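Notes to accompany the following structure.
The values are calculated or read from the model by the stated rules, or taken from the named source; none is laboratory data. Note that the structure is predicted; figures quoted are calculated from it, not measured. Because the Cβ atoms are built from the backbone with ideal geometry, glycine has one as well, and the counts that use them run over all protein chains shown. Accessible surface is based on the protein model in full, side chains and every heavy atom, while ligands, DNA and RNA are left aside. Shrake-Rupley method; radii C 1.70, N 1.55, O 1.52, S 1.80 Å.
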Amino acid sequence: MNKDIFVETLGWIFEHSPWVAQRAWERRPFQSRNHLFQTMLTIVQNANESLQLTLLRAHPDLGTRLKMSDVSQKEQTRVGLDKLSKDEYEEFAALNQRYVTKFGFPFIMAVKGQNKDTILSAMKERVDYSFEAECVTALNEVYKIAGFRLNDMIE
């Protein structure tokens, strides 16, 4: 693939962050899907803190009714976050607001295999983490999301 097609094909793997695919393209060829994925993870891990925070801020709030990327919307729909009751929605919204106020980026969790209760429980726990610990946790969740997306795309 040329660079434009590569970025168009893989640029969405990391939410609204095609720069990861752009940088990965320069490190081709890849021996396997895992090699490609590990290269992308290394790129994010080696990015400066400002760029990592920009990546975290590119993710939507969980349980939101705001516009989000098609892939994020599908991921949240699969675990029922599109069918929250009024009370559940208000609880998610309040926790999201508290979380964003504290950390400056939305709560991020790979929702595949989760449900609204496990997500809510994680939100309640992680909102009390330190900034440094939550940045690490959020980035690890981003890596899980990207891995799921890459696997789903290729399979």
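Only residues that are open to solvent by 10 Å² or more (accessible area, probe 1.4 Å) and over 15 Å from the mean Cα position of the chain (by Cα) were counted in the range 127-150, giving 6. Here Gln52 meets each of (1) open to solvent by less than 80 Å² (accessible area, probe 1.4 Å); (2) without any contact (Cβ under 8 Å) to a residue 60 or more places away in the chain; (3) of a type in the set (S, T, N, Q) with one exception, condition (2). Residues in the range 2-23 that are open to solvent by 30 Å² or more (accessible area, probe 1.4 Å) and out of contact with any Phe, Trp or Tyr (no Cβ under 8 Å at 6 or more places or on another chain): Asn2, Asp4, Ile5, Glu8, Thr9, Trp12, His16, Trp19, Gln22, Arg23.
Selection of the range 24-44 for residues being within 19 Å of Ile145 (Cα to Cα) and either open to solvent by 100 Å² or more (accessible area, probe 1.4 Å) or among the aliphatic types (A, V, I, L, M) (or both) yields Ala24, Leu36, Met40, Leu41, Ile43, Val44.
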